[in-house]
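Structure, as structure tokens:
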């Protein structure tokens, strides 16, 4: 089990607070107990939330990998232009690393400022977000959109325009509860449905 880079500083800070609290308890008769408890809890939470598990599933050439862990909110065609969109809600209990749904090239990474609505509500599509556009062979494409939530207001992107990516490669991370939208060609055969639990780089999202 790995740890996302964004979690290292937070984990170190929590560990430092824990050690300081323990030292104060030793020297001042439990005066540092609140700091010890808070530091230990923060350290454990950071280690859990920023976990980055290895995912080694081998996908068939026609399969599209799910880019995120979470619960499917919706599947359907959106217009202007017509495109297949799968929306996934990530609670604070889910792994928050996003992964590539396909082999290809990163064409662009677009950052859009916006609101901070609750991530599972329809209004979340207007939240602050990053859209990572990936193109591949035979006209295939997949755009992975990282969408902030009411609490999560930071997005990390690990790739840039011009990068080559393989299916399941890490694309970035969202902090805390959030949403990921996947944009695919409208004729994509989606295999997941609303309410279904999915896992990044493990679940087959659909077929080309």
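The values are calculated or read from the model by the stated rules, or taken from the named source; none is laboratory data. Everything quoted here is computed from the prediction, not taken from an experiment. Because the Cβ atoms are built from the backbone with ideal geometry, glycine has one as well, and the counts that use them run over all protein chains shown.
Quick check on residue 149: is it assigned by TED's automatic domain parsing to the domain that holds residue 202, buried (at least 18 other Cβ atoms within 10 Å of the Cβ), touching a strand residue (DSSP E or B) at 6+ places or on another chain (Cβ under 8 Å) and at pLDDT 90 or above? Answer is no for this residue. Go through the residues of region 92-100 one by one and say whether even a single one is over 26 Å from residue 63 (Cα atoms), free of Cβ contacts under 8 Å to residues at least 12 places away in the same chain and in contact with a strand residue (DSSP E or B) (Cβ under 9 Å, 6 or more places away or on another chain). Among the residues of region 92-100, not one is over 26 Å from residue 63 (Cα atoms), free of Cβ contacts under 8 Å to residues at least 12 places away in the same chain and in contact with a strand residue (DSSP E or B) (Cβ under 9 Å, 6 or more places away or on another chain), which makes the answer no.
Any chance region 114-122 includes a residue that's in a loop (DSSP other than H, G, I, E, B), free of Cβ contacts under 8 Å to residues at least 40 places away in the same chain and loosely packed, with under 13 Cβ neighbours inside 10 Å? The answer is no; no qualifying residue exists. If you go through region 189-202 and keep only what is in a loop (DSSP other than H, G, I, E, B) and surrounded by fewer than 22 Cβ atoms within 10 Å (Cβ to Cβ), you end up with 191, 192, 193, 194, 195, 196, 199, 202.
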